[in-house]
Amino acid sequence: MGIYVGYEPARSCTGSPSSGARALMAWFLGAYGGQGGRNLGIYNCRGIPGTKSTSLHGEGRAADLGVPVGAGWAQVLADKLVANSAELGIQCVIYNRRIWSGSYPHAGWRPYNGTHPHTDHLHVEHSWHSARTLTAERVQQVLGGGGQPGPGPTPGARPTIRRGSKGAAVSEAQRILNAWYPSLSRLAVDGDFGPATEARVKYMQQRAGLAVDGIVGPNTWRRLLGG
Ligand SMILES: [Zn+2]
């Protein structure tokens, strides 16, 4: 996991969607189509509403991943896209009135004040390199199978951990939670499962639609590891 640094603005319309944005959309529909995910478009030669700038859609480098309003998995996906933005070449994500941008890579989610609140889709922008080279297989490798059972990382031999647990598995969970929620206060990566870690696990479980018990068992591990 890593945070992408940088931002390549749009210059002028190119005439077609990029292969990278199409690859992300294909992966998204495969992973989340059964949960209401839909294609709200990639290429569109237009400006950003309320500004004089060309939209990244005009270069086919932005994908609008349609999601049901309020879906817990949509925020989980938005967080995962940011946490893996370096691997995926994603330079900006807008969702639910918040924006993360590679222009301010380590600032986490910031308020988005554009005219569209983005509650029904994730607007995801690719760098030029990603727009030219990203494949659906690569997205699958990085993010796993999304919300569907199927291929992707598995919990493996990780132990169930809860308040009072100590050790490397706790540190791993703390690291992942910090990467998922860069806008929240950082958990100490100390291998000691205390109340702050428990609260963060519950926060993640609630957003992911898991049982909210603060215990990292097989289901919560699977989500944390990208399955
Ligand atoms: Zn968009």
Just give me the residues in segment 5-17 being under 19 Å from Ile99 (Cβ atoms) and in contact with a Cys (Cβ under 9 Å, 6 or more places away or on another chain), in sequence order. Tyr7
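Taking the options Val139, Val124, name whichever one is within 23 Å of Leu225 (Cβ to Cβ), open to solvent by less than 10 Å² (accessible area, probe 1.4 Å) and touching a strand residue (DSSP E or B) at 6+ places or on another chain (Cβ under 8 Å). Reasoning before the result, please.
Values: Val139 fails: touching a strand residue (DSSP E or B) at 6+ places or on another chain (Cβ under 8 Å).
The conditions single out Val124.
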Spot the failing condition for Arg61; the list is (1) within 12 Å of the ligand (Cβ to nearest atom); (2) among the basic types (Lys, Arg); (3) open to solvent by 10 Å² or more (accessible area, probe 1.4 Å), and only one is missed. (3)
Residue tally, condition over 20 Å from Pro9 (Cβ atoms) and more than 16 Å from the ligand (Cβ to nearest atom), over segment 107-147: 16
Within the set of pairs 6+ apart or on separate chains, which have a first residue in segment 115-133 that is free of Cβ contacts under 8 Å to residues at least 60 places away in the same chain, a second that is within 8 Å of the ligand (Cβ to nearest atom), and C-beta atoms under 8 Å apart? His118/Ile94; Leu122/Asp64; Leu122/Ile94
Of all residues in segment 103-118, which are under 18 Å from Lys80 (Cβ atoms) and part of a loop (DSSP other than H, G, I, E, B)? Gly108, Trp109, His118
Any idea which residue in segment 69-96 is nearest to Arg223 (Cα to Cα), counting only those that are in contact with a His (Cβ under 9 Å, 6 or more places away or on another chain) and in contact (Cβ under 8 Å) with a residue 40 or more places away in the chain? Ala74
Selection from segment 23-46 of residues within 16 Å of the ligand (Cβ to nearest atom) and touching a residue at least 24 places away in the same chain (Cβ under 8 Å) yields Leu24, Met25, Phe28, Gly37, Arg38, Asn39, Leu40, Ile42, Tyr43, Cys45
It is to be established whether one or more residues within segment 47-54 are within 30 Å of Leu210 (Cβ to Cβ), within 14 Å of the ligand (Cβ to nearest atom) and either among the small types (Gly, Ala, Ser) or in contact (Cβ under 8 Å) with a residue 60 or more places away in the chain (or both). no
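Among Val69, Val76, Val82, which is more than 14 Å from the ligand (Cβ to nearest atom), of a type in the set (A, V, I, L, M) and open to solvent by 10 Å² or more (accessible area, probe 1.4 Å)?
On the way: Val76 fails: open to solvent by 10 Å² or more (accessible area, probe 1.4 Å); Val82 fails: open to solvent by 10 Å² or more (accessible area, probe 1.4 Å).
The conditions single out Val69.
The values are calculated or read from the model by the stated rules, or taken from the named source; none is laboratory data. What you see is a predicted model, and the numbers here were worked out from it, not measured in a lab. All Cβ positions, even for glycine, are placed from backbone atoms using ideal geometry, and neighbour counts span all protein chains on display. Ligands, DNA and RNA are stripped out before the accessible areas are found, and what is left, the full protein with its side chains, is counted by its heavy atoms. Shrake-Rupley method; radii C 1.70, N 1.55, O 1.52, S 1.80 Å.
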